[in-house]
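Notes follow the structure.
The values are calculated or read from the model by the stated rules, or taken from the named source; none is laboratory data. Only a predicted model underlies this, so the values are computations on that prediction, with no experimental measurement involved. Here the Cβ positions follow ideal geometry from the backbone for every residue, glycine too, while neighbour counts run over all protein chains shown. Keep in mind that these areas ignore ligands, DNA and RNA; they rest on the heavy atoms of the full protein, side chains included. Shrake-Rupley method; radii C 1.70, N 1.55, O 1.52, S 1.80 Å.
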Amino acid sequence: MTSAPPISGCTLVPLGNCPIQPTTVAADGKGVIVGRSPGATLRLDHPSISRQHASITLQNDKWTITDLGSRHGTMLNGVALIARQPTPLRHADRITFRPWTIRFEQGAARGGSETIVQASDAGMGMNTVQVVPAAKVKTDAERQLDGLINALLAIQGASTEAALGLELTKACVEGTRAERALLVRFMSGEGRLEVLGSWPQGAETKRPVSRTLLRAATEGKTVRLSEDASFGNAQSIVGTGINGALCVPVMIDTTPEAFLYLDQFKSLDAFDQIASFSQALARLSAFALAQLQRHELELRQRALLDELDSARRVQERMMGSDSGDNGVIAWKMVSIPGAVVAGDIWGVKSFKTGPTSAVFLGDVSGKGLGPGLLMAAITAYLEASLSGGTVLDRALVDLSNFVASRAVSGQFATFALAEFDRDSRTLSMFDAGHGYFFILGADGSVKDATVVGGVPIGVVEDFEYERNRISLAEGDRLLLFSDGVAEQTNEAGEMLGKDRTGAALAGSTSCQEDVERVAKLLKDFAQGTKYIDDVTIASITLSTARS
């Protein structure tokens, strides 16, 4: 069997004035929590950053970003993300946690087809960087230009960033009589720039771009470079032979998404009009870029939702019956979808002869179509193994080996497998890293049964799981639930946990009441937010009927 290629890690690169070092994230499933909290993996200390602002994780072999309900939101390529909805990341994406932006770089994708120039002040000889004030009184020409821009804002622009950059820089040169114009964005804090467009063609190779001017423009203001405070009187910048440079930030919301850079003007007599014209084109560029990025993000999310919908259909078909009585056991189960398919597993295995019946509940690591398919494979394999007469002890070892040999790197499943014996009134429990269960008494008592567990299935080959035998009195029940219950958070970021679940079950006397109590507890605790994970709750008791 050909092994799957290793999943590459990623690097988070600070842009502009973002006060962090480049951070490498390994593809080990741990991911990164971005926030203001001292415990955050990537700490950004600013009042607009929430304590737990966003997460960047590897889900189903894809790097994704999720805004964790932050107060001021997270932006991807200038588009605001929907809270708690994972969005796939791609190489060179720009992630904004206002006021700062980082760049997402992944493995071998570095470089790609990007055009790169180096920002440097070498030989520029400048000694003045000035903020260009907004015009107090607009001329008729400026008002006409604003009208033209407002009309153009209603029109869908170019279909790609490259096409947009070409048209924008060409218009800048024609309208300002500059020798060249570039549309660029930061790739790192060390001066690497991605060229989105340039005019005339090859203009980016003529001379360096002023790093000082670009950094000044990151504050969101149009800036110019000249030898003295009087731009109109400056004839040259020492050592360069150019008479001035202008940098206009392309603002999406309150964040500079890119920069329009112009230099070497044929005439400086009407510099205010040059600046006004360039600022108007930057406004047009901002609108068009935002539209392009929003459309591209919608395509990504639609593809992810289609994948998750397929996984959901697989999961629904493979989940066992939600209630029944086979003469050995009676059960009640409820399954509640989370925000993202997470691969919950549930099933009941009835044997044609003998006094025993088995149930299983588990959760495949990761989210999406991959875990959904693995969940289906696990269910089918276990059903076939038990139908073939394999005893539960051996069946669980074989299942773990099956997952270890076929799942992609880092995939596993927590699993609880229970066998009920009607005649001896005993329960044999096998715990593969799951741990979420209680023994409920007919008198309303709740017991956290002592069970010796083992590693999740798919982690260690040939691991032998211990059989834990528990005696059951009349009316006793086994309550199983997935980690979507225990790990659900409330608005304060607290997890519901196993203890709260056990407390809510005190006094319950039937399978139906058991699952209803846990489902209500979860709903009340989540306070109306969509569950972050799939939820499965099952209560099983020995049958009072006889098959």
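In the neighborhood of SER445, defined by Cβ-to-Cβ distances under 13 Å, what is the net charge if each Lys or Arg adds +1 and each Asp or Glu adds -1?
Taking every other residue near SER445 into account, the sum is -2.
Take LYS349, LYS523, LYS266, LYS170 and sort them by solvent-accessible surface of the protein heavy atoms, 1.4 Å probe, largest at the top.
Descending accessible area places them as LYS266, LYS523, LYS170, LYS349.
How many percent of the accessible area of region 357-493 is carbon or sulfur, using a 1.4 Å probe?
Answer for region 357-493: carbon and sulfur cover 49 percent of the accessible area.
How high is the FRET efficiency between VAL460 and THR115 when r is their beta carbon distance and R₀ equals 56 Å, given to the nearest 0.05?
So the FRET efficiency works out to roughly 0.70.
Expected output is a single nm value to one decimal: the length gained when fully extending between ARG177 and GLU474, i.e. 0.36 nm times separation in residues minus the C-alpha distance. What is it?
Answer, rounded to one decimal: 97.7 nm.
Peptides 270-278, 488-496: what's the order by average Cβ count within 10 Å, highest mean first?
With the highest mean Cβ count within 10 Å placed first, the list reads 270-278, 488-496.
Roughly to the nearest percent, how much of the accessible area of region 20-111 is carbon and sulfur, given a 1.4 Å probe?
Percent of accessible area from carbon and sulfur atoms in region 20-111: 48.
Of the heavy-atom accessible surface of region 496-547 (probe 1.4 angstrom), what whole percent is carbon and sulfur?
52 percent
What nm value, rounded to one decimal, do you get for the distance between ASN490 and SER405 when each label is placed 7 Å out toward the C-beta?
4.8 nm
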